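Have a look at the structure below before the remarks.
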Amino acid sequence: MCGIVAYKGHKNCYPILLNGLKRLEYRGYDSAGIACLNSDNKLSITKRRGKVRELESAITNIDCDGMGIAHTRWATHGRPNQINAHPHTDQSKKIVLVHNGIIENYIPIKKFLLSKKVKFKSDTDTEVLVQLIGYFYNKGKMNFEKAVRAALQRVDGAYGLVILNKDYPDMMIAARKGSPLVLGLKDSEFFIASDISPIIKHTQQILYLKDSEMVVIDGKDYNVKSVNKDIALPKNIEMIDYKIDDYDKGKFKYFMHKEIHEQVDTIANTMRGRIRPDAVLLHGLSEYWDEIEASDRIYITACGTSWHAGLIGKLLIEKFSDTPVFVEYASEFRYNHTLIDSQTVVIAISQSGETADTLAAIKKANDYGAVTVGICNVPGSSVGRETDCGIYTRCGHEVGVASTKAFTAQISILYLLALKLAYAKGTISRASLKRHLDYDDSLKKIQSLFHQEKLIQKVARKYKNATDFLYLGRGLNFPVALEGALKLKEISYIHAEGYPAAEMKHGPIALIDKNMPSVFIVPKDKTYEKIISNIQEIKSRKGKIIIVTNSRDKILKELANDLIIVPRSNIYLFVHLATIVLQLFAYHMAVINKRNVDQPRNLAKSVTVE
Ligand code: AGP
């Protein structure tokens, strides 16, 4: 989704802003723009449809010693074109603004401004906001800060924004409600961005703006204030320890490929410090652990890949701890009649921690008095702040739009949570807990999986022209099938559906012919024989069969057109192994089909609109 980067300091703004925009490209966008206000009070604005490199080549004088704001836009209101690209200015062309989020009441405000003879250039809700600020500033004779506050108090919806005013050549104002914004500090330099990726290169001193907060930078000084009242708020500066490596592709061509390969390390990181030979330590839950343990019902809510992790979490928690778990898409949970009260635990899973639907679900759960638990990858994100307690997945910044390492980290956390709950409730023994927590060997098995990559690439080449796929698995591997299908859809634009393997005969089997491949996920577990029957049903209808298994049985060799054998493992590790195989398969399908793997069309990394 849209990205913001802004800079105020003694250095030339352009390289900092353009490099910042490149760091934000992973979020998905369709146009980009930049505005710089020089110390001689000259405001230059450049906007382009398309990529940041097109914006870069359109800038003629790449020199600015003042301050600047820049933006990547993912169209919501108005087509993705140069006019609708940010930054937007007010009618006097003094005030210039970049904005993430949606101004929901922009229509009545626009009508009001039109009645005051304000002329609009674009179709965006953002221009309405900057024109409203301009209206208060020019007509209402308010100072810059007051005009911003007056406008923000009249808008509904979400915003993360940064604003400049030609009359205030040493002032930058930023504000947030619903859309994240971070301030980076380094001596007398200020960096503002929608996430830390453009900032991390310059400083580790970060201030996460909270909802309804604004920051007013004036000269070398700054103040955090409330949007609603002119009162100063505390400056909660944090030192963050993200590694710059997370933002480099290293030897890989795509971030997604790098992130798939990182999973041995990221899973180890997720587990580190949380496992004793006979105990699970989840310090982030300590304060609410008694309520969590006593709870009679758990809801898991999330979107996309995180929702798939939730489905696995349900099966693990129910199996180990006998606690009923309901899993709902966050976008449904927020409107459905859900049975939540103060005895209910609501677990919200989100890689980014900023997904609008998930945040709305958390708000609903909080309003009903439930204990809210966040499982999230981004420290300081809204999910981390809005939930009562939580666990960070600690897998480092995930840049590829298609989530990979975050998924395996989420299921690792859910595994730990299920075991901890079960041990506390006495539904598993100490010996069994100990067995489950011994995972060193698992990491070696995951590492060895990458020896299969050439084979997986070969299989992808073979099916590169297929237009539809079925992904089939049972139990824990049904969500794995859903996730495998989602990965393929997202980055190679090939239609794929995930189903419980046995469900296939209740409808999808009608699709099967010699052109339709089915990917079967077949662990050697209690459903093994049943899945073999399902495979046979497809085989007898001439469907092509790709099998991902940990079994070396002859029957599978006979049935499969293509067989990918992963190391022998228990069913819990198998979920990780099969997932990684399907991630690699989707990745190679996308590369072979010449797709933009890290920035697939229409998709955004963090979906901050409803
Ligand atoms: C994953 O590959 C997707 N891009 C998407 O489904 C994602 O998982 C979903 O938007 C939820 O994001 P979150 O985990 O950041 O909340």
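Taking segment 501-530 as the region of interest, how many residues are over 21 Å from K462 (Cα atoms) and in contact with a Lys or Arg (Cβ under 6 Å, 6 or more places away or on another chain)? Counting residues in segment 501-530 that are over 21 Å from K462 (Cα atoms) and in contact with a Lys or Arg (Cβ under 6 Å, 6 or more places away or on another chain) gives 2. Scanning segment 331-371 for residues that are closer than 27 Å to D195 by Cα, more than 15 Å from the ligand (Cβ to nearest atom) and polar (S, T, N, Q) yields a total of 1.
When G384, G390 are screened for being away from the ligand (no atom under 11 Å from the Cβ), touching a Cys at 6+ places or on another chain (Cβ under 7 Å), part of a helix (DSSP H, G or I) and open to solvent by 20 Å² or more (accessible area, probe 1.4 Å), only G384 passes.
Within segment 478-536, being among the polar types (S, T, N, Q), touching a residue at least 12 places away in the same chain (Cβ under 8 Å) and away from the ligand (no atom under 16 Å from the Cβ) holds for N515, S518, T527, N534, Q536. The residue that is most open to solvent (accessible area, probe 1.4 Å), counting only those in segment 182-225 that are in a loop (DSSP other than H, G, I, E, B) and within 15 Å of K8 (Cα to Cα), is K220. In a loop (DSSP other than H, G, I, E, B) and within 15 Å of L161 (Cα to Cα): is that true of H71 in this structure? In short, no.
Go through segment 326-339 and give me each residue that's surrounded by fewer than 21 Cβ atoms within 10 Å (Cβ to Cβ) and of a type in the set (A, V, I, L, M).
To start, the set of residues in segment 326-339 that are surrounded by fewer than 21 Cβ atoms within 10 Å (Cβ to Cβ) comprises 326, 328-329, 331-332, 335-339.
Matches in segment 326-339: L339 only.
Across segment 580-610, the qualifying residues are those that are under 19 Å from the mean Cα position of the chain (by Cα) and away from the ligand (no atom under 13 Å from the Cβ), and the one among them that is surrounded by the most Cβ atoms within 10 Å (Cβ to Cβ) is I580. Please go through segment 42-81 and pick out each residue that is surrounded by 20 or more Cβ atoms within 10 Å (Cβ to Cβ), touching a residue at least 40 places away in the same chain (Cβ under 8 Å) and of a type outside the set (D, E, K, R). Across segment 42-81, the qualifying residues are L43, C64, G66, M67, G68, I69, A70, H71, T72, W74. P234 meets all of the listed conditions (1) open to solvent by less than 80 Å² (accessible area, probe 1.4 Å); (2) more than 19 Å from the chain's Cα centre (by Cα) but one, namely (1). Of all residues in segment 394-410, those that are within 13 Å of the ligand (Cβ to nearest atom) and either over 13 Å from the mean Cα position of the chain (by Cα) or of a type in the set (A, V, I, L, M) (or both) total 6. Annotation: of all residues in segment 372-381 being away from the ligand (no atom under 11 Å from the Cβ) and open to solvent by 10 Å² or more (accessible area, probe 1.4 Å), the one that is modelled with the lowest pLDDT is G380.
The residues of segment 461-520 that are under 27 Å from G28 (Cβ atoms) and hydrophobic (A, V, I, L, M, F, W, C), listed by number, are A466, F469, V480, A481, L482, A485, L486, L488, I491, I494, A496, V519.
The values are calculated or read from the model by the stated rules, or taken from the named source; none is laboratory data. What you see is a predicted model, and the numbers here were worked out from it, not measured in a lab. As a convention, Cβ positions derive from the backbone with ideal geometry for all residues, glycine included, and neighbour counts pool all protein chains shown. Each accessible area value is taken on the protein alone, full model and side chains, heavy atoms only, with ligands, DNA and RNA left out. Shrake-Rupley method; radii C 1.70, N 1.55, O 1.52, S 1.80 Å.
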